[in-house]
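Nothing in this text is a laboratory measurement; each read-out follows from the coordinates by a stated rule. These numbers were taken from a predicted model, which means no experiment stands behind them. Reconstructed Cβ throughout: ideal geometry from the backbone, glycine too, with neighbour counts over all protein chains shown.
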Amino acid sequence: MTIALKSSLSWIDNNKEARERVLGLLSQFNEKESRDELGIGSIRDRISDLLFPGTSTIQTRLRYFLFVPWLYQEAQTKNLNNKESLEYIDQLERKLIVALMQSDDLDGVFGKSSGIALKRLPSSVYWFGLEKWGFKHKACSQADYFIYAKEVETKRAQLGKEIAYLQKRNDDFTEFQIEKNKLSLWHVSLPKPPADFPNSAHLKITNEEALFIKEQLREYCHESLFTYLALNSTYASSEDIDAPWDHPLFDDFDSATQHLLKHAEFFSRMIHGAYLLYNLLLAEQSLSPSNEDYEGKLGQWYQDLLERASNKFYCLDSWSFNDFWETIEKRQVSYVEPVMINTLTKKFIEMWFEILKLKDPNFYRSEKVRKLIREREKRLKGARSRFTNKKALAQWGGASGTNKLRYRWLTAKQFLKDLSDVEGV
């Protein structure tokens, strides 16, 4: 795997920001919900971004959205060069691990298992979410952050001299003061860290922090489901909900969100069978077959899918692919740019859908259907395909990509809990 990545990612060797973004995406493939054996990740992530912008499956607790800015602000005060600043940030993040491990709430602490030896630090996990939520004004990589920070400090110093000069002359310096106050890589109203941070820390947010987060969501992601739930619900209403489309407030969501959720649910149900079949094929080929009854699960899944046809929207005969692509690709919202899903991905999904529309309970026994799954995985994995590479097949754990898509709902639900469980309230 290392050789393949080295080859395929060589084009970003000299682009630090692109490299960080790509490696950040690759790291998510270790998450159960993020496994993308059949190449539907672009659809999954697009829907997730529309519903829960700024989140990812590897984020854990909401207060890290504040921890990261606080650590970077602390590093800025040391007046170090770029390399030294990045090294200092690394030290601060590991110090934070130690502090959090001494708190009462360890659920979701980065480094809870590996301690200060943790390889992927929280700043890289939350970095782009900080931009989406408007915490960080400058769209820059972590590697370049302190370069921009130096530029900001230089401009602030220049404005300070202008203000001092105007003060001596008793001239109005209001505009210069306003401009200086706005010159920051972070939002001007970002709450201040506790006095003993990061030597002491915990994951429970304060009332001030909760109000700031809600205001940022209202301003930067106001059309998202996450913002609606953050502003209009309590965690208790979401606690026992397995997927966002089952939320008891569904009828109160705006029509665009309801429509998106209906498509999200149908796609989740529809594509789940492709992953069950993928694992069935691996089980049949493997020398160490899984204990899972994938054939039985496929039969039950297909029966459930057909029973859903009583609802017109979810009916295999009437569900509109054109409307689905239009909904997820071109929806106009401020926090997500329009995208185009890969043509081959669309073709695979549409072929799978046409197979299901035949309503043959034994569809998965057809060699044509099995070939569709095998060829899709082989196209994506190449020499690492489990269907052609014995070593890769041997590493199959008996279940790969079999969790139903919930589009980062578990992350969003934890964040809603953190917003509800506010310190001092």
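Just need the relative contact order of the chain here, percent rounded to a whole number, with Cα pairs under 8 Å and 6+ apart.
Values: 437 pairs, mean separation 112.9, N = 425.
That works out to 27 percent.
Assuming R0 = 56 Å, can you tell me the calculated FRET efficiency for the pair Lys330 and Asp144, based on Cβ-Cβ distance, to the nearest 0.05? Walk me through the numbers before you get to the answer.
Details: r = 32 Å, r/R0 = 0.57.
Taking R0 as 56 Å, the efficiency between Lys330 and Asp144 is 0.95.
By how many degrees, 0 to 90 and rounded to 10, does the Cα axis of helix 343-356 deviate from the longest principal axis of the chain?
For 343-356 against the chain, the angle is about 40 degrees.
What net charge is computed for the residues neighbouring Glu307, neighbours being all others with C-beta under 13 Å from the C-beta of Glu307, Lys and Arg scored +1, Asp and Glu -1? Walk me through the intermediate numbers first.
Values: positive: Arg269, Arg308, Lys359; negative: Asp304.
Surrounding charge for Glu307 is +2.
Note the full-extension length gain between Gln303 and Asp251 as 0.36 nm times their separation in residues minus their Cα-Cα distance, in nm to one decimal. The partial results should precede the final answer.
Working: separation 52, 0.36 × 52 = 18.72 nm, distance 2.72 nm.
Here the answer is 16.0 nm.
Where does the charge balance sit around Ser113 when Lys and Arg score +1, Asp and Glu -1, over other residues with C-beta under 13 Å from its C-beta?
So the environment of Ser113 carries a net charge of +2.
Go through the stretch 248-261 residue by residue and turn each phi into a ³J(HN,Hα) via Karplus (6.51, -1.76, 1.60, θ = phi - 60°); whole Hz please, and just put x for glycine and proline.
With the stated coefficients, the stretch 248-261 comes to x, 8, 3, 5, 8, 5, 5, 4, 5, 5, 4, 5, 4, 5 Hz.
Given the stretch 344-425, what count of lysine pairs have C-alpha atoms under 19 Å apart, with each pair 8 or more places apart or on different chains?
Taking the Cα cut-off of 19 Å, the pair count is 22.
Could you tally the net charge around Ala256, taking each other residue with its Cβ under 9 Å from the Cβ of Ala256, Lys/Arg +1 and Asp/Glu -1?
Working: positive: Arg331; negative: Glu223, Asp254.
That sum, taken over residues with Cβ under 9 Å, equals -1.
How far, in degrees from 0 to 90, does helix 207-220 lean away from the longest principal axis of the Cα atoms of the chain, to the nearest 10?
70
Please list, ordered by chain and number, the residues whose modelled amide H lies under 5 Å from the amide H of Thr206; skip anything fewer than 5 residues away on the same chain.
Glu423
Label the stretch 64-202 by shape, choosing from rounded, prolate and oblate, from the square roots a ≥ b ≥ c of the eigenvalues of the Cα gyration tensor; if a/c is under 1.5 it is rounded, and otherwise prolate applies when a/b is larger than b/c, oblate when it is not.
On the way: a/c = 2.45, a/b = 2.22, b/c = 1.10.
In terms of gyration-tensor shape, prolate.
Cα to Cα, under 18 Å, and not fewer than 8 places away if on the same chain: which lysines meet these conditions relative to Lys182?
Candidates past the 8-residue exclusion: Lys136, Lys138, Lys150, Lys155, Lys161, Lys192.
Calculated from DSSP H runs of 4 or more alone, at -39500 (n - 2.57) each and per residue, what is the 222 nm mean residue ellipticity of the chain, nearest 500? Display every interim value, and only then the final one.
Values: 17 runs with 232 residues, N = 425.
Result for the chain: -17500 deg cm²/dmol, rounded to the nearest 500.
Counting pairwise Cα distances across the chain, what percent come out greater than 37 angstrom? Mind dumping the intermediate values first?
Numbers: 30530 of 90100 pairs.
So the portion of pairs separated by more than 37 Å is 34 percent.
Using only the alpha-carbon atoms, how far is helix 82-101 inclined from the longest principal axis of the chain? Give it as 0 to 90 degrees, nearest 10.
The answer is roughly 70 degrees.
Sort Asp418, Asp304 so the one with the fewest other Cβ atoms within 10 Å of its own Cβ comes first.
With the sparsest Cβ surroundings first, the list reads Asp304, Asp418.
Sort the following peptides by mean Cβ neighbour count (other Cβ atoms within 10 Å, averaged over residues), highest first: 40-48, 235-243. All intermediate terms of the calculation are to be shown ahead of the outcome.
Details: 40-48: 20.3, 235-243: 13.9.
Sorting 40-48, 235-243 by mean packing, highest first, produces 40-48, 235-243.
For Asp421 and Ala236 in the same chain, what is the full-extension length gain: residue separation times 0.36 nm, less their Cα-Cα distance, in nm?
Numbers: separation 185, 0.36 × 185 = 66.60 nm, distance 1.05 nm.
That works out to 65.6 nm of additional length.
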